[in-house]
Every structure is written in structure tokens, then in C-alpha cells.
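Visitor: This is the structure I have questions about; it appears just below.
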Amino acid sequence: MMIAFRAYRIFEQDGKSAGRFVDLMLDELDPGEVVIQAHYSSVNYKDALAATGAGKVIRRFPCVGGIDVSGVVASSSDARFKVGDKVLVTGYDMGVAHDGGYAEYVRVPADWVVPLPQGLSLAHGLSLWDAMALGTAGFTAALSIHRLEQNELTPEKGKVIVTGATGGVSSLAIQMLAQLGYHVVALTGKDSEHDYLKSLGASEILSRKDVQMGTRPLEKAQWAAALDAVGGETLAWLTRTMQQNGAIASFGNAGGIELHTTVLPFILRGVRLIGIDSAATEMPLRRQIWQRLATDLRPKSLAQIAHTVPFTGLPQVFPLLLQGRQRGRSVVEIKAPG
Ligand SMILES: NC(=O)c1ccc[n+]([C@@H]2O[C@H](COP(=O)([O-])OP(=O)(O)OC[C@H]3O[C@@H](n4cnc5c(N)ncnc54)[C@H](OP(=O)(O)O)[C@@H]3O)[C@@H](O)[C@H]2O)c1
């Protein structure tokens with residue numbers, strides 16, 4: 001392909017990261033067997049850290065941003081993919097050490113590419129928009145639930161708390177858990193969003209400012225499981241308030257990276273702390289999770305959580321995430337309709 005296309009590329013200038021729109025040619029992108037004409041990407045917390053330099057997540061400059069993409073195969077030198085296939089890519093090095101999804105054309109190794117998953121029937125398969133309404137966030141929510149289930153979580157075991165509740169991963173997790181029949185408790189800093197969280201299926205809402213976290217190594221046992229977007233003091237409090245054999249899926253650090261707790265929750269209550277790393281998930285499990293996202297974990301109302309922003313509007317979304325003011329998911333429309 002010899003024509004230039006639009007990309008949002010992140011540069012390092014005077015020790016600081018800054019993103020801007022540029023025109024690129026295909027041979028300026030990192031190598032890979034599959035070229036995808038991007039239809040949609042999305043905005044994750046990591047994308048906001050990368051594009052603004054608020055977190056040192058970019059490992060190679062300059063780099064086209066965007067850790068997610070969905071689109072149609074434009075060319076492939078790998079027999080597993082052919083022109084016209086609908087596909088998605090999330091994680092791996094995309095958008096941090098390999099040119100990512102914020103570009104009209106994306107070139108990646110074939111080993112990173114996931115065919116767009118089918119639902120139980122054609123009518124229920126995921127669309128390219130659905131795939132990015134989910135994106136890394138939906139994948140992380142589903143992987144967390146999957147890991148908790150592997151640790152014997154069932155709705156009968158008790159309440160499941162989700163922190164950073166109005167965020168992308170957590171909004172999706174709440175809807176998925178509620179559909180599976182769990183009693184979901186949503187912990188949020190946004191008092192204006194309680195109705196939104198109830199509409200996603202949360203049975204109870206806890207306001208961040210009202211939670212008394214206490215200081216004892218073990219506090220009243222309340223949760224069968226937890227999905228944590230926040231880290232820091234919130235995660236420490238979760239370890240102290242889990243029920244016997246409760247399990248925590250720790251996937252985020254929106255509130256801090258430190259964890260100060262004691263071993264007592266682990267040795268007296270059998271609490272399990274499960275780390276979630278979506279980016280490096282190996283392909284067999286990755287495909288299994290995407291298949292679940294198209295079937296039993298498919299949120300019934302993605303449009304309630306995700307809204308679409310034009311490619312040109314991308315830079316305005318980053319500060320919302322960094323300031324904790326974002327609600328749900330932003331899908332980035334890369335290919336103009338029509
Ligand atoms: N491990 C993985 O593979 C993986 C994958 C995806 C994301 N993540 C991480 O998961 C977290 C959430 O990602 P996301 O894309 O869903 O981001 P997001 O949409 O920005 O959601 C984060 C939410 O956390 C809450 N929050 C923000 N700042 C906070 C603070 N200082 N203290 C306490 N709560 C705060 C807010 O919810 P409320 O206002 O409702 O409390 C916010 O909406 C991020 O840390 C991200 O890096 C990890």
C-alpha cells in the first residue's frame with residue numbers, strides 16, 4: 001500500500017511523552033505478517049498513561065498508540081488469515097513497544113491476531129464495534145471472572161465487590177457478574193453515578209468517601225470475591241475484609257501501586273490474591289476468553305457502557321481517565337462509516 005494514512009503517534013521530546021496525529025506509510029510501521037484496516041480502537045487507562053506520559057508504559061519511541069484494535073485483514077502473509085477476515089488484537093506489545101491501534105492501518109505478528117469471535121448464532125456474534133466496546137477492558141473483566149471461577153467462586157458463596165466501579169473494566173465486570181446471578185457490590189468515588197451502577201446490575205453501592213477501612217489485620221468478613229481496579233489502600237482493605245477462602249482478582253492500580261497488609265488474611269482466612277495480566281495472556285486461553293465474551297459473558301447492553309468518539313476526538317479522552325472522571329468505555333471510530 002503506497003498511500004499515506006492517519007495515525008496517532010507518541011513521541012519523546014525533552015524527556016516527556018506527547019502524542020500527535022501524523023501521516024504514515026505502511027513501511028514505517030513495525031513489521032508483522034498481518035495488515036489490518038482498522039475500524040475501531042478504544043481508550044484504556046494504559047492508553048492514557050502512554051499518550052500523556054503520566055505513566056512510563058511506552059518502551060520504545062516513537063510508537064503509534066492504542067493497545068486495542070478491531071478491523072478487517074487488508075493483507076496477510078500468514079496462512080491463518082486471509083483478506084477480508086474480521087479480526088481483533090489486544091495487548092501484547094501493541095501501543096507500547098509495537099505500533100498500535102490508533103492508526104488507519106495496523107501491522108502486527110499473526111500470532112497476536114484473534115478472529116472476531118462468533119456467538120451462539122450468527123445474530124449473536126460480536127461486531128467490530130462490540131469487540132472494541134469490550135477491548136482490553138472487557139477481556140480483563142472476563143479473565144478476572146474466569147480466574148475467580150477457577151477458584152471455586154459461585155453465586156451461592158456470597159457477595160462480590162467491584163472497585164473503581166464506573167471505570168471501563170469494572171462497569172463491564174458488574175454487568176457480566178450480574179448476568180451470571182452474582183450479588184454485586186459496587187465501590188465508587190462518583191456519587192452521581194449510583195443509578196448508572198444499579199442499571200448495570202449492581203445490588204448495592206458503596207461510596208468511596210463513606211467506607212471505614214479500619215486498621216486491624218482482619219476486619220469483618222464481607223466478600224466472597226473481589227475485582228480490584230484500584231490497588232493501594234483499597235486493595236489492602238479488601239485483603240482484610242474477605243470471607244474465609246475468598247479470592248481477589250487484582251488487575252488495576254488506579255489508586256496506587258503499593259500494598260500494605262499482613263499475612264493474616266492469607267493464613268487465617270485462606271484468602272487468595274490472584275494477579276491478572278491481560279496483555280500477556282497466551283493464545284489458547286485468550287481465544288477461550290473471547291469466546292466467552294461472545295456467549296455466556298457477553299454483556300447484554302454494551303451500548304449502556306460504551307460510547308463512540310471520532311478519531312480526531314481521541315486526545316480529549318485521556319485526561320478524563322487520568323482524573324478518574326471517565327464513565328464506562330470510549331470506542332474510537334477509526335474508519336469513517338460509508
Ligand atoms: N492487569 C491488566 O491486564 C489490566 C487491564 C486493563 C486495565 N488495567 C488497570 O485497571 C485499572 C482500570 O482500568 P480502566 O481502563 O477500566 O480505567 P478507567 O476506566 O479509568 O477506570 C478506573 C476507575 O478507577 C476509579 N479511580 C480512579 N482514580 C482513582 C483513585 N485515585 N482512587 C480510587 N479509585 C480511583 C474510578 O472509578 P470510580 O470513580 O467509580 O471509583 C475510575 O473510573 C487501571 O489501573 C488499569 O491500568 C489492568
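Any read-out appearing in this document is the output of simple, stated calculations on the displayed coordinates, not a laboratory observation. Remember, predicted model here, so these are calculated numbers, not experimental data. Ideal geometry is used to build each Cβ from the backbone, glycine not excepted, and the neighbour counts take in all protein chains shown.
Visitor: Cβ under 11 Å from Pro217's Cβ, Pro217 left aside: what net charge do those residues give with Lys, Arg +1 and Asp, Glu -1?
Guide: Every neighbour counted, the sum reads +2.
Visitor: Based on DSSP, what percent of beta bridges with both residues in the chain are antiparallel, to the nearest 5?
Guide: Close to 55 percent.
Visitor: Along each of the three principal axes of the Cα atoms of the stretch 142-290, give the extent in whole Å, ordering the values from largest to smallest.
Guide: In descending order, the Cα extents are 42, 36, 31 Å.
Visitor: Please give the net charge around Leu264, taking every other residue with its beta carbon less than 12 angstrom from that of Leu264, where Lys and Arg add +1 and Asp and Glu add -1.
Guide: +2
Visitor: Could you size up the charge dipole of the stretch 223-338 around its Cα centre, putting +1 on the beta carbon of Lys and Arg and -1 on that of Asp and Glu, and report it in debye to the nearest 20?
Guide: So the dipole magnitude of the stretch 223-338 works out to roughly 360 debye.
Visitor: Right, here's the next one. From the phi of every residue in the stretch 74-81, what ³J(HN,Hα) in whole Hz does the Karplus formula 6.51 cos²θ - 1.76 cosθ + 1.60 yield, where θ is phi - 60° and glycine or proline is x?
Guide: Once θ is set to phi - 60°, the couplings for the stretch 74-81 become 9, 7, 8, 9, 10, 5, 6, 10 Hz.
Visitor: Stretch Gln323-Arg59 to full length: gain in nm at 0.36 nm per residue minus the Cα-Cα span?
Guide: Contour length minus the Cα-Cα distance gives 92.7 nm.
Visitor: Out of Ala133, Val332, Gly65, whose Cα points farthest toward the positive end of the dipole of the chain (charges: +1 Lys, Arg; -1 Asp, Glu; placed on Cβ)?
Guide: Ala133
Visitor: Let me ask you something else. Using amide H atoms built 1.01 Å from N in the peptide plane, name the residues 5+ places from Gly101, or on other chains, whose amide H lies under 5 Å from its own.
Guide: Gly66, Ile67, Asp68, Gly95
Visitor: With the radius of gyration and the Kirkwood radius both derived from the Cα set of the stretch 1-145, what is their ratio Rg to Rh?
Guide: Reported Rg/Rh (Cα atoms, Kirkwood Rh): 0.97.
Visitor: Be a star and scan the stretch 39-80 for residues whose amide nitrogen sits under 19 Å from the point 7 Å along the Cα-to-Cβ vector of Arg20.
Guide: Within reach of a label on Arg20: 50-54, 61-66.
Visitor: Given just the C-alpha atoms of the stretch 79-224, how large is their convex hull per residue in cubic angstrom?
Guide: Once divided by residue count, the hull of the stretch 79-224 is 180 Å³.
Visitor: Next question. Step through the table entries Lys56/Lys209; Lys157/Lys220; Lys16/Lys335, compare each Cα-Cα distance with 23 Å, and write down the pairs that go over it.
Guide: Where the Cα-Cα span goes over 23 Å, the pairs concerned are Lys56/Lys209; Lys16/Lys335.
Visitor: If you put +1 on each Lys and Arg Cβ and -1 on each Asp and Glu Cβ, how big is the dipole of the stretch 145-278 around its Cα centre, in Debye rounded to 20?
Guide: With Lys and Arg at +1 and Asp and Glu at -1, about 280 debye.
Visitor: Sticking with the crude label model, points 7 Å out along Cα→Cβ, report the distance from Ser77 to Met213 in nm, one decimal please.
Guide: My value for the distance between the label points is 5.2 nm.
Visitor: Using a Förster radius of 25 Å, what is the FRET efficiency between Ala303 and Asp277 based on their Cβ-Cβ separation? Nearest 0.05, please.
Guide: For Ala303 and Asp277, the calculated efficiency is 0.30.
Visitor: Here's something else I'd like to know. How far apart, in nm, are two points set 7 Å out from the Cα along the Cα-to-Cβ line at Ala221 and at Thr312?
Guide: 5.8
Visitor: With equal scatterers on the alpha carbons only and no solvent term, can you work out the Debye log10 of I(q)/I(0) for the chain at 0.06 1/Å?
Guide: -0.21
Visitor: Tally Lys and Arg at +1 and Asp and Glu at -1 over the other residues with C-beta under 13 Å from the C-beta of Ser41: what net charge comes out?
Guide: Charge balance near Ser41 sits at -1.
Visitor: Go through the stretch 12-27 residue by residue and turn each phi into a ³J(HN,Hα) via Karplus (6.51, -1.76, 1.60, θ = phi - 60°); whole Hz please, and just put x for glycine and proline.
Guide: Couplings: 10, 10, 6, x, 10, 8, 8, x, 7, 6, 9, 9, 10, 9, 4, 6 Hz.
Visitor: Please work out the Cα center distance from the stretch 266-307 to the stretch 112-166, rounded to the nearest Å.
Guide: 5
Visitor: Top mean-square fluctuation among Val106, Val230, Val83, Gaussian network model of the chain, C-alpha springs under 10 Å?
Guide: Val83
Visitor: Per residue of the chain, what 222 nm ellipticity follows from adding -39500 (n - 2.57) for every DSSP H run with n ≥ 4, rounded to the nearest 500?
Guide: Counting only the DSSP helices, I get -7500 deg cm²/dmol.
Visitor: Straight-line reach from Lys82: which aspartates and glutamates fall under 19 Å, measuring Cα to Cα and dropping same-chain residues less than 8 apart?
Guide: Glu33, Glu104, Asp111
Visitor: Work out from phi, with θ = phi - 60° and the Karplus expression 6.51 cos²θ - 1.76 cosθ + 1.60, the ³J(HN,Hα) of each residue of the stretch 199-204, listed in order in whole Hz, and give x for Gly and Pro.
Guide: 5, 7, x, 5, 7, 9
Visitor: While we're on this one: Evaluate E = 1/(1 + (r/R0)^6) for Thr154 and Ala336, where r is the Cβ-Cβ distance and R0 equals 41 Å; express this FRET efficiency to the nearest 0.05.
Guide: 0.35
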